[in-house]
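Input: a single structure, listed below in structure tokens.
The values are calculated or read from the model by the stated rules, or taken from the named source; none is laboratory data. Keep in mind it's a predicted model, so treat the numbers as computed, not measured. A quick note on method: Cβ atoms are made from the backbone with ideal geometry, for glycine too, and the neighbour counts reach across all protein chains shown. Each accessible area value is taken on the protein alone, full model and side chains, heavy atoms only, with ligands, DNA and RNA left out. Shrake-Rupley method; radii C 1.70, N 1.55, O 1.52, S 1.80 Å.
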Amino acid sequence: ARVLEIARRLSRGGAAGTGDEEEEEEEEEGCQRHREPLEVFCKEDGALLCAICRESRAHRAHTVLPVPEVVREYQGQIQARLQTLKDDRDKLLQFREAEMRRNW
């Protein structure tokens, strides 16, 4: 969900106005603990990290990727799943139409 929200904001050019003030503050200030920009994404924890947090014991052994790369990766996954859902919906609608015709 976090990555999706980041992707949405990036696709809108970082436009604010989502109504979630806490996330907006985090985005403007960066890391709340270190006040550094959030540069990487920890795949294990699903969290954005600054350079200092990235080197902490909590994340040192975790897989981290640059934010733009993660956004592209998750956008691809979301688009593939969305297409699957659309295909399933179309099949269900066809089935429903066939059943309605059969009932008539």
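So the values come out like this:
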{"item": "Projected area averaged over orientations for the stretch 59-104, convex hull of C-alpha atoms, nm²", "result": "4.5"}
{"item": "Where labels lie 7 Å past Cα in the beta-carbon direction, separation of Arg81 and Gln94 in nm", "result": "2.5"}
{"item": "Solvent-accessible surface (1.4 angstrom probe) belonging to Glu44, in square angstrom, nearest 10", "result": "100"}
{"item": "Which of Leu65, His34, Asn103, positive extreme of dipole for the stretch 30-103 (C-beta unit charges)", "result": "Asn103"}
{"item": "Net charge of neighbours whose Cβ lies under 12 Å from the Cβ of Val64, counting Lys and Arg as +1 and Asp and Glu as -1", "result": "-2"}
{"item": "Residue-by-residue Karplus 3J(HN,Hα) for the stretch 88-104, coefficients 6.51, -1.76, 1.60, Hz, glycine and proline x", "result": "4, 4, 4, 5, 5, 5, 5, 4, 4, 5, 5, 5, 5, 5, 5, 5, 5"}
{"item": "Point-charge dipole on Cβ atoms (K/R +1, D/E -1) for the stretch 30-103, about Cα centre, debye to 20", "result": "180"}
